[in-house]
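Below: one structure, written as structure tokens.
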Amino acid sequence: MAIERKRKLDVSSTVPAGKLAKVAPTPNVGAASPMFADQASGSIFNPWNGKPYSQNFHRILDQRKTLPVWQHKEEILDALRKNQVLVLVGETGSGKTTQIPQFVLEMMTMTVAETTPGDDKRRKKMMVGCTQPRRVAAMSVSQRVAEEMDVTLGEEVGYTIRFEDKSGPKTVLNYLTDGMLLREATADPLLRSYSAIILDEAHERTVATDILFGLLKRVLRSRPDLKLVVMSATLEAEKFQGYFGGKAPLIKVPGRLHDVEVLYTEESQRDYVESAIQTVVQVHMCEGPGDVLLFLTGEEEIEDACRNIAKEIGNLGGQVGPATIIPLYSTLPPALQQKVFEPAPGRTRKIVVSTNIAETSLTIDGIVYVVDPGFVKRKVYDPRVGAESLQVTPISKASAEQRKGRAGRTAPGKCYRLYTEKSFDKDLQSQTDPEIVRSNLGTTFLTMKKLGIDDLVHFDYMDPPAPKTLERALEMLYYLGAMDDEGNLTKLGRIMSEFPLDPQTAKALIVSPEFNCSNEILSICAMLSVPNCFVRPPKGEARRKAAADEARARFAHIEGDHLTLLNIYHAFKLNNEDPSWCHENFINYKAMKSADNVRQQLARIMSRCSLRMCSTEFGSRDYYVNIRKAILAGCFMQVAHLERSTGRYLTVRDNQAVHLHPSTCLDHNPQWVVYNECVVTSRSFIRTTTDIRGEWLVDIAPHFYEMENFPECEAKRVLKTLYKNRR
Ligand code: CDP
Ligand code: MG
């Protein structure tokens, strides 16, 4: 089935080669100038590494030439030669992310070669950077492009994501997260290592991309030689154009979309996961050939759904053919992520269960059926209480349209919307709000300050954040001591911005030498920066689940989850980082290795900032006390108090009711807890919590725990007594 479809696709989409070889060979190109893709068909050597081209290169080149952007190559490059900024809109899968950076690189290289042939120094400075909001996309696309260019990933083509830099001195094309480019700008404000920047997935409107817009607008004025391409899958393109004063040309690349039939449910669904599973199984039973893409909201939901779909299909026995079920989410190890692009083994139907990653960031070929329950997990922020959390929320109309589009890339398809047509019309917002209006801007402000942006309030935002959000972020940096009364970055603030951590965690790390426990806080910070280190056996496997709980209990520290993480890290090192030890103890080996790697990186920054590495003697009574105090010294704004009268926790200062997350190792309810994050699902949970003492609050953060600012509550009365006793 799959094979037949593919053959059809190749025939229908092959464009005669003559039409494509349009790039005008530039005259007077120096001997050092590289040859490029379409000229290279005749060349044996790859200009990027001097090696002969592989068979694979030519095979992929033929595929690439069928992508819609290839037919606009000259138009795009011509517009970019004549203008500094270009806005490019194209359907998902039209080849924007993989092809455009290569086109731009080719153009920039020729320009440099023409002006200064053979000048290697200049060649080094012509790097093209392409930003991605998602780490997964940066990794997976760079791998694909390295293959397309027939080079090794990490050499000529690289990627950079937080805590992982796979680029090097030879890199000419780098895919990096928008957050990483922002960080690079703090060290290199004019982005001198780049000749061109491509802001990809601009419609996602992440905070980092939005700030980059403002930053690049300034940089472009100082660097007339720098080119900027803004790429987007949807609508908003005119808005981007307007942002650059209407001077940037807009090119639309029409997609190759086939018709997609949309089917709505007659009633709204009570349990969207269950209903999604049933729909997928139904499609597999009744519909013709073609792969299925189901959108769900997160790792656990996806893993559960994959198992249930497999089970239901298994139950049908010989009535239906087999299916290959593939999960896709950001914390999946890269090798498994890559599986989604491979054809399913045998002639089976591929069923991909994915987060929003598959909406526009990654294109999966061969999808004919899309199942869209209409939900996404996204960041929400309530500036009144200062809490940022991930919540499952309805998608926008624009998202629904994008999801639908995934079904019509290679053939006519069907999109099953698990909501009513009325709900689509009435309930869904037309666009998702940009992230900047629903985020805690603490980290961003620290970066912006470091970039030399003095006035954070009047910055040229594409959409300005709410005044309350601005206020909250400034207040937070002030309380942390990162900013002074006049809004200037303090010395502490500058050190904080060196760390790729949120400001609270960075602060805890920086002050940890004062509490004589920087070695330990460093390990905890590293553990907090990687995905969950516990392996959770699936729901159905009761025995393994019990064994996992037992293993987990062995690491549990009675005073809290931060200390439990430390125990695990220590145990991992004591057991020589042994994978089989991890397996036996239900610990995720990959997560531990990556925590270890993060720890080394953070240690290097600490040493650069002359921060002392030290530990309290393990036998000392103060060993854990010091660690808990240091955590509090950074996270004193994330504290909850147990109300005797009601038996529930309220966050301090904002009086929000919260619950200890079920994953906590705390087996008692301490009067005061410090927590790492707040997650909202059916209720508000505080996750990664540690027992602290009320006295420490008034000792460590008296400026924040000023009684005048406090709402009336039990915590206030307790704190008042503590203050009185202190005097
Ligand atoms: O960015 P845009 O959505 O316009 O398209 P793209 O990501 O450049 O994808 C173009 C083509 O490359 C699609 O047909 C993908 O299937 C293919 N591709 C791939 O085979 N492997 C990847 N890791 C990424 C893209
Ligand atoms: Mg793309």
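Just so it is clear, none of the values below were taken in a lab; they were calculated from the coordinates. Note that the structure is predicted; figures quoted are calculated from it, not measured. Cβ placement follows ideal geometry from the backbone for every residue including glycine, while neighbour counts extend to all protein chains displayed.
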Seminar exercise, completed: Along the dipole axis of the chain (charges at Cβ: +1 for Lys and Arg, -1 for Asp and Glu; origin at the Cα centre), the most positive-end residue among 601, 501, 390 is 601
Problem set entry | Cross-link reach list, lysines versus residue 724, counting only Cα pairs under 20 Å and skipping chain neighbours closer than eight places | 716
For this session: Quick one: check the C-alpha center-to-center distance for the stretch 533-597 versus the stretch 424-488, whole angstrom.
Result: 37 Å
For this session: May I ask you to sort 180, 110 by Cβ crowding, counting other Cβ atoms within 10 Å and putting the fewest first?
Result: 110, 180
Exercise. Taking neighbour Cβ counts within 10 Å as the exposure measure, how do 583, 284 sort from fewest upward?
Worked result: 583, 284
Problem set entry | Using alpha-carbon coordinates, inclination of helix 518-528 to the longest axis of the chain, degrees | 50 degrees
Problem set entry | Rounded D (µm²/s) - the stretch 601-709, Kirkwood Rh over Cα pairs, Stokes-Einstein at 10 °C, 1.306 mPa s | 103 µm²/s
Exercise. Dipole size in debye (nearest 20) for the stretch 214-271 around its Cα centre, Lys and Arg Cβ +1, Asp and Glu Cβ -1?
Worked result: 900 debye
Exercise. Over all Cα pairs of the stretch 488-587, how is the pair count split among 10 Å bins, expressed in % and running from 0 up to the last occupied bin?
Worked result: 14, 38, 27, 15, 5, 1
Exercise. Could you list log10 I(q)/I(0) for the stretch 606-655 at q = 0.14, 0.24, 0.31 Å⁻¹, which the Debye formula gives when each Cα is one point scatterer?
Worked result: -0.59, -0.93, -1.08
Exercise. Taking a threshold of 21 Å on the Cα-Cα distance, which of the pairs 73/96; 311/377; 590/629 fall above it?
Worked result: 311/377; 590/629
For this session: Would you please give the residues with an amide H less than 5 Å from that of residue 166, counting only those at least 5 places away or on a separate chain, with H modeled from the backbone geometry?
Result: 159, 160, 161
For this session: Over the stretch 650-727, calculate the relative contact order: mean separation of alpha carbon pairs under 8 Å at least 6 apart, over the residue count, as a percent.
Result: 27 percent
Exercise. With the Cα gyration tensor of the stretch 324-390 giving a ≥ b ≥ c as the square roots of its eigenvalues, does the rule (a/c under 1.5 for rounded; else a/b larger than b/c for prolate; else oblate) give rounded, prolate or oblate?
Worked result: prolate
Problem set entry | Rounded tilt (10° steps) of 135-149 against the dominant C-alpha axis of the chain | 30 degrees
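Using only the Cα atoms, what convex hull volume per residue in Å³ does the stretch 136-268 have?
Convex hull of Cα atoms, per residue: 173 Å³.
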Seminar exercise, completed: Working note, the stretch 217-256: Cα radius of gyration (Å, one decimal) and Dmax (Å, whole number) are 11.8, 39
For this session: State which entries of 51/252; 397/450; 507/539; 379/450 exceed 28 angstrom in Cα-Cα distance in the structure shown.
Result: 51/252; 397/450; 507/539
Exercise. Rounded to a whole number, what is D in µm²/s for the stretch 503-649 from Stokes-Einstein with the Kirkwood radius over alpha-carbon pairs (4 °C, 1.567 mPa s)?
Worked result: 79 µm²/s
Problem set entry | Taking 361, 43, 512, 222 and counting other C-beta atoms within 10 Å, the order from fewest to most | 222, 43, 361, 512
Problem set entry | Proportion of all alpha-carbon pairs of the stretch 268-310 beyond 14 Å (%) | 48 percent
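Over all directions, the average projected area of the alpha-carbon convex hull for the chain comes to how many nm²?
Here the figure is 33.9 nm², rounded to one decimal.
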Problem set entry | Virtual paramagnetic centre 7 Å along Cα→Cβ of residue 320, amide N under 11 Å, in the stretch 415-446 | none
Seminar exercise, completed: Computed ³J(HN,Hα) along the stretch 276-289: with the Karplus parameters 6.51/-1.76/1.60, θ = phi - 60°, integer Hz and x for glycine or proline, the list is 5, 4, 4, 4, 4, 5, 4, 4, 4, 6, 9, 9, x, x
Exercise. Of all DSSP beta bridges in the chain, what percent run antiparallel (nearest 5)?
Worked result: 35 percent
Exercise. Going by the alpha-carbon gyration tensor, a ≥ b ≥ c the square roots of its eigenvalues, is the stretch 254-344 rounded (a/c under 1.5) or, if a/c is not under 1.5, prolate (a/b greater than b/c) versus oblate?
Worked result: rounded
For this session: Name the residues whose placed amide hydrogens come within less than 5 Å of the amide hydrogen of residue 325, ignoring near sequence neighbours (fewer than 5 apart) on the same chain.
Result: 351
Seminar exercise, completed: Calculated from DSSP helices alone, with each H run of at least 4 adding -39500 (n - 2.57) and the total divided by the residues of the chain, [θ]222 nm to the nearest 500 comes to -12500 deg cm²/dmol
For this session: Give a residue-ordered list of calculated ³J(HN,Hα) values for the stretch 498-506 (Karplus: 6.51 cos²θ - 1.76 cosθ + 1.60, θ = phi - 60°; whole Hz; x for Gly, Pro).
Result: 6, 8, x, 9, 6, x, 5, 5, 4
For this session: Compute the acute angle (0 to 90°) between the alpha-carbon long axis of helix 299-315 and the principal axis of greatest extent of the alpha-carbon atoms of the chain; round to the nearest 10°.
Result: 60 degrees
Exercise. Mind checking the log10 I(q)/I(0) for the stretch 37-103 at q = 0.12, 0.18, 0.23, 0.25 Å⁻¹? Debye, one equal scatterer per Cα, no solvent, two decimals.
Worked result: -0.37, -0.77, -1.05, -1.13
For this session: Provide the FRET efficiency to the nearest 0.05 for the residue 379-residue 44 pair, computing r from the beta carbons and using R0 = 51 Å.
Result: 0.55
Exercise. Using a cut-off of 18 Å between alpha-carbon atoms, which aspartates and glutamates can reach residue 166, once sequence neighbours fewer than 8 places away in the same chain are excluded?
Worked result: 147, 148, 150, 155, 156, 178, 184, 596
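Pairwise over distinct Cα atoms, reciprocal of the mean inverse distance: report the Kirkwood radius of the stretch 540-579 in Å, one decimal place.
11.1 Å is the Kirkwood radius here.
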For this session: Compute from the Cα atoms of the stretch 519-564 the Rg and the Dmax, the latter being the longest Cα-Cα distance, and quote both in angstrom.
Result: 12.7, 40
Problem set entry | Amide H contacts of residue 418 (H built 1.01 Å from N, under 5 Å, at least 5 apart or other chain) | 372, 374
Exercise. Given +1 on the Cβ of Lys and Arg, -1 on the Cβ of Asp and Glu, and no further charges, what dipole in debye does the chain carry about its Cα centre, rounded to the nearest 20?
Worked result: 820 debye
